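Worksheet: the structure to be examined is printed underneath.
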Amino acid sequence: MMVNSFSQFESPVFLTIPLILLALILPWAFYPSRLHDDSSNRTLTLQNWFIGRFAKQLLASSTPKVHLWATLLVSLMLYIISLNLLGMLPYTFTPTTQLSMNMGLAVPLWLATVLVGFRNQPTLSLAHLLPEGTPTLLVPLLIIIETISLLIRPFALGVRLTANLTAGHLLIQLIATASLAFMWIMPAIATLTSILLLLLTLLEIAVAMIQAYVFVLLLSLYLQENS
Amino acid sequence: MAGHDHGSQHQFTGFAKYFNSYTIIGRRNYVLATYGSILALVLFFKLKPKKMPVTEK
């Protein structure tokens, strides 16, 4: 029973077993691995084409050092896009609506990019905290602002993903409820609301894919800054 | 390209040679100086002896 609009975001538990674990493992089942005899089929070919295309596009303008992160970034993108798209199915739980999960992805990865930068090129990493050509009087202020902007990045990454998905699911639920409520009272309004619901669902599918891409793209940009 | 040090440091003399917002080294030194000043301020206020209130007998 829906107690309030946010009930759909509660982490599901069944007989004290947190079902979010199942939701997190589920995308693994959708990506076939190599066949035992190294042959290929259409699904594998399509999958490999997509992964290769995405990796090339993401890392085209980056140094070879960044290419070492290709596996991590591509698998992260596939994982988040799978979780988001599976969440668009009715009555499924979307783990990426949980801030804890998104912060769990964002903070360690962002911290890794910062530490990689400070370890490999400490001078350049520190120099990045002051934009080139800053007037002398503004230097301390800008350094503080750039430091705050650096520290806020993981929160922005996590909250962006959470907020986009949560807002989308909430809107879908509200408009679907409205459409159902109007169905017997004002069928014409219900029809218009259903059309709006369809358009919104299409938008949310796009948002699900775009937000996964943006998450990974920003991480790769942060990495390029520090490499 | 932003941040190149090639031949630009000879333009700066004195203080500007080490602290400027054009070269990588200059920008790094500015950042370190700012962080050092903030740290010094924090340590100063933390370690400052607190005045004990005078109790009347």
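Along each of the three principal axes of the Cα atoms of the stretch A:163-227, give the extent in whole Å, ordering the values from largest to smallest.
61, 15, 9
Under the rule a/c < 1.5 gives rounded, and otherwise a/b versus b/c splits prolate from oblate, where does the stretch A:1-136 land using the Cα gyration tensor?
Details: a/c = 2.68, a/b = 1.32, b/c = 2.03.
Taking the square roots of the gyration eigenvalues as a ≥ b ≥ c, the stretch A:1-136 is oblate.
Just report the Cα centroid separation between the stretch A:126-181 and the stretch A:22-61, whole Å.
31
Looking only at Cα atoms, what is the convex hull volume of the stretch A:76-206 per residue, in Å³?
Numbers: hull volume 19.8 nm³, N = 131.
For the stretch A:76-206, the hull spanned by Cα atoms encloses 151 Å³ per residue.
Could you tell me the convex hull volume per residue, in Å³, taken over the Cα atoms of the protein assembly as shown?
Values: hull volume 86.3 nm³, N = 284.
Considering the Cα atoms of the protein assembly as shown, their hull volume per residue is 304 Å³.
Tell me the angle of helix A:187-225 to the major Cα principal axis of chain A, expressed in degrees between 0 and 90 and rounded to the nearest ten.
20
I'd like the orientation of helix A:139-182 relative to chain A: the angle between its Cα long axis and the longest Cα principal axis, in ° from 0 to 90, rounded to 10.
Between the helix axis and the principal axis of chain A, the angle is about 10 degrees.
The numbers here are math on the coordinates, done by the rules we state, and not lab data. None of the values given here were measured: they were computed from a predicted structure.
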